[in-house]
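What follows is calculated from the coordinates using simple rules that are stated; it is not laboratory data. This is a predicted model, so every value here is computed, not measured. Note that each Cβ is placed from the backbone with ideal geometry, even for glycine, and that neighbours are counted across all protein chains shown.
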Amino acid sequence: MTEALVASETAGAGALTASAPVSGARQFWRRLRTRRAALVAAAVVALLVLVALGAPLLAALEGQDPNTYHPHLIDSARGGVPVGPLGGISAEHWLGVEPQTGRDLFTRLVYGARVSLGVALAATLVQVLLGVTVGIAAGLGNRWVDQILSRATDVIVALPLMILALALMAIVPAGFPRPVLVALVVGLVAWGGTAKIVRAQTITLKELDFVAAARLSGWPTWKIARRELLPSLAAPVITYASLLVPTNVTVEAALSFLGVGVKPPTPSWGQMLTAADVWYQAAPQYLLLPAGALFVTVFALTVLGDGVRTALDPRAASRLSIGTGRKREARA
């Protein structure tokens, strides 16, 4: 009954509607599997997660370590260019070695996936937790609470993310773990968008009959939020979170590229790009490998997020033309 009331009140509300979540995982899966691009993207993301989790196993399989120097594989007469074809690719070094240091590129790439994906997921979790808490509190609070929290959210949204992150990370002691710091800073600075969306959905939902009935029953505000609002907010929150992950991957790479993110010797794709900017002619694979990994990750997460969004809310049209033809939309 609750889902029917929410759906009838919010029909045609747009991409992030205040609709109740779909009736079950089976219905969601049926909609998602009609979008082949989203399924392919999900497979790519799953593979990347497996690579990140299995980085020690993959490194042991190759027999290399991400931080071990191999000076004998570097041609010092040529300025530190790797010895051998294609950047030193061999049976011992599957993707070659770094210029100047001789560190194995394959192991640094797979360990870098751990940092990039782990930081992005942790930052997204912080954003969602803060955004949902502030958004529900603003939507259910009185006029003064709503005004204070809404103005604070406006300030957070207006702040330039990269500049504020650079400033915060510059004053933190060097001993603090950088991946944890990057995740916290990005999450604490960029939760405003989530809060705005949740507040708007909460204001719409609290006018519906099932929330009014809960209030008339004497339920406290926290119980109404937990029992009635959170299930109905699941679809827009999950949708927005799935689109935040690729953004946070890019932000982590940008901070590492600017030299304030993950510090050496911890491998990170953004940090690898920073070190590779002077080697794009002498050793192009050093630049192309982390750049390609970053591009594939962001693209796959974006396509998957779009597929999740349209599967959770079939009234919303896909932003991407990939895998969203008329036949697929009709079947959905």
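I need the phi-derived Karplus couplings for the range 269-282: 6.51 cos²θ - 1.76 cosθ + 1.60, θ = phi - 60°, integer Hz, Gly and Pro marked x.
Working through the residues one at a time gives 4, x, 5, 4, 5, 4, 6, 8, 5, 9, 10, 5, 9, 6 Hz.
Tell me, Trp94, Trp29 in order of fewest to most beta-carbon neighbours within 10 Å?
By the 10 Å Cβ count, ascending, the order reads Trp29, Trp94.
Please list, in order along the range 126-133, the HN-Hα scalar couplings obtained from phi with the Karplus expression 6.51 cos²θ - 1.76 cosθ + 1.60 (θ = phi - 60°), rounded to whole Hz, x for Gly and Pro.
4, 4, 5, 4, 5, x, 5, 4
Given the options Ala43, Ala311, Ala235, which has the most mean-square fluctuation in a GNM of the chain, springs set between C-alpha atoms less than 10 angstrom apart?
Looking only at Ala43, Ala311, Ala235, the biggest GNM fluctuation is shown by Ala43.
Please name which of Gly88, Val126, Gly192 has its Cα lying farthest along the dipole of the range 37-331 towards the positive end, using unit charges on Cβ (Lys, Arg +1; Asp, Glu -1) and the Cα centre as origin.
The residue sitting farthest along the positive end of the dipole is Gly192.
What is the fewest-to-most order of Met272, Met169, Met162 by other Cβ atoms lying within 10 Å of their Cβ?
Arranged by neighbour count, lowest to highest, Met272, Met169, Met162 become Met162, Met169, Met272.
In nm, give the distance between the simple-model label positions of Gln27 and Thr221, each being 7 Å from the Cα along the Cα-to-Cβ direction.
About 3.1 nm, to one decimal.
Using the basic label-point model (7 angstrom from Cα toward the beta carbon), what is the Trp94 to Trp144 distance in nanometres?
Distance between the two pseudo-spin positions: 6.2 nm.
Roughly how many Å is it from the Cα centre of the range 92-138 to that of the range 260-298, as a whole number?
About 13 Å separates the Cα centre of the range 92-138 from the one of the range 260-298.
For a quick check, take a GNM of the chain with Cα springs below 10 Å and name the residue from Phe106, Phe210, Phe257 with the largest mean-square fluctuation.
Phe210
If I stretch the segment between Val49 and Leu168 completely, what's the gain in nm (0.36 nm per residue apart, minus their alpha carbon distance), one decimal?
39.9 nm
Between Asn67 and Val157, 0.36 nm times their residue separation minus their Cα-Cα distance comes to what?
28.5 nm
Using +1 on the beta carbon of Lys and Arg, -1 on that of Asp and Glu, and nothing else charged, what's the dipole of the chain about the Cα centre, debye to 20?
Dipole magnitude for the chain comes out near 1140 debye.
Could you give the C-alpha radius of gyration of the chain expressed as a fraction of 2.2 N^0.38 Å, taking N as the number of residues it contains?
1.17
Given H placed on each backbone N at 1.01 Å, which residues far from Ile74 in sequence or on other chains put an amide H within less than 5 Å of it?
Val83
Using Cβ counts within 10 Å as a stand-in for footprinting exposure, how do Glu62, Glu228, Glu252 rank, fewest first?
Final ranking by Cβ density, sparse to dense: Glu62, Glu228, Glu252.
What value in Å³ per residue do you get for the convex hull of the alpha-carbon atoms in the range 62-125?
Value for the range 62-125: 87 Å³ per residue.
With axes computed from alpha carbons, what is the tilt in degrees of helix 143-158 against the longest principal axis of the chain, rounded to the nearest 10 within 0 to 90?
Once rounded, the angle reads 20 degrees.
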